[in-house]
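Please read the structure below before turning to the comments.
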Amino acid sequence: MADPDRRGALTEAGAPIWLDDLSRELLSSGELARLIRDEHIVGVTTNPTTVAADLTYSDAYDAQIRQLALAGADPSTAVRELTTTDVRGAADLFLDIHRTTRGVDGWVSVEIDPRLAHDADATVVEAKELWLTIYRHNVLMKIPATTEGLSAITRTLAEGISVNATLIFSPTRYRQAIEAFITGLELARDNGHLLSRIQSVASFFVSRIDTEVDARLDTVPGSAAKVLRGQAALANARLANGVYEELYTTERWQALAAAGATPQRPLWASTSAENLICPDRAYIEQLATFDGESIRRSARETLDRLSAAGIDLDDVYRTLENEDAEKHTRSWLDMLDTVASRLAQARGEVRGFVPVLENHSCHTRTP
């Protein structure tokens, strides 16, 4: 992550920084409050991997786990209680930013069960239940922009609920996400909702593109293709930026803007450099500054050169969407597994003994 002064400059330039790391430890230690106060952090998203790690290596959740165990909660119910408690706490911390920026910043994005990514009906039901349970205005429902998820995004927005459309890798899918957003706002307007109170971001993944494309370039014979390493991600994002500028100048959008709507902002996700070609912070800094048709024309030329080198970009996008959907599902199952173990342990402690439990969860944090 960039240093505080650099993050402040990015915020002033219209590229505020969000944290993808919400957990009870971050809240209870005061670290999130400090990051908001001192480090220019203006938003946060939930992360099941982080929650599972906290459950294993921190005592921050112990008291609530004991209460849930005594109440006979099953793992799914416990996960809902644990995560919504975190989201409410974070939303309250961001409330001043949310008010002073008139809803532009100060958002908390909450994960919907990723196993529902291809079930629009179940996703909408889950989003509505989470919205009512959390009961904070500055909360976004994180909905994957899969084919089925696009419908869920529209229908959730139509209910007056703000959305983080995530898992976006291609400019084409980004276009579809914006169109789902616009349709959702039109329905929300027809349903009598105040458009100025509905917000959305679209999480467009960046560095993962370079990681996948560069691995494929390494298999192309000869050295000509190698000069394209580290160029795909920014070119891809630049074309997405062009989609944004195109769709938010239409008469259709202007009618919504006149009714109080604000555009669905791009949330550049996965901005850490994952290969050695790209220096640290390169993505963040360039994403905050690029603009103009000449830059987008260069981006199109870059992607055309990649296609000519044998890189099937449509397959890259499909592969990454499927891999990340599976990754999120695994993380969610690991969190459920960890919660189940902690509930069993808490019940054993109540009975006067502590059972030996085997935990198969994978974690990114060490003790």
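Quick notes on this one:
- In plain terms, the chain from Thr172 to Ser272 could stretch by 33.7 nm, reckoned as 0.36 nm per residue minus the Cα-Cα distance.
- In units of the compact-protein estimate 2.2 N^0.38 Å, the chain shows a Cα radius of gyration of 1.02.
- From the alpha carbon centroid of region 165-180 to that of region 310-345 is 19 Å.
- Charge tally around Ala257: other residues with Cβ under 13 Å, Lys/Arg +1 each, Asp/Glu -1 each, net 0.
- Label sites at Thr219 and Glu251, each approximated as a point 7 angstrom past Cα along Cα to Cβ, lie 4.9 nm apart.
- By the count of other C-beta atoms within 10 Å, a proxy for reagent exposure, Glu39, Glu323, Glu251 are ordered fewest to most as Glu251, Glu323, Glu39.
- Shape class for region 120-240: prolate, because the ratio a/c of the largest to smallest gyration tensor axis (alpha-carbon atoms, square roots of eigenvalues) is 1.5 or more and a/b beats b/c.
- Acute angle (nearest 10 degrees) that the helix 147-158 long axis makes with the longest principal axis of the chain, alpha-carbon atoms: 70 degrees
- Between Leu95 and Ala344, the simple label model (points 7 Å from Cα in the Cβ direction) yields a spacing of 4.0 nm.
- Under 11 Å from a label point set 7 Å out along the Cα-to-Cβ vector of Glu31, the amide N atoms of region 54-90 belong to 54, 58.
Taken together, the values in this text are just the output of simple stated rules run on the coordinates, not laboratory data. The structure presented is a predicted model; accordingly, all values stated were derived computationally and were not measured. Glycine gets a Cβ as well: all are built from the backbone with ideal geometry, and neighbour counts include every protein chain shown.
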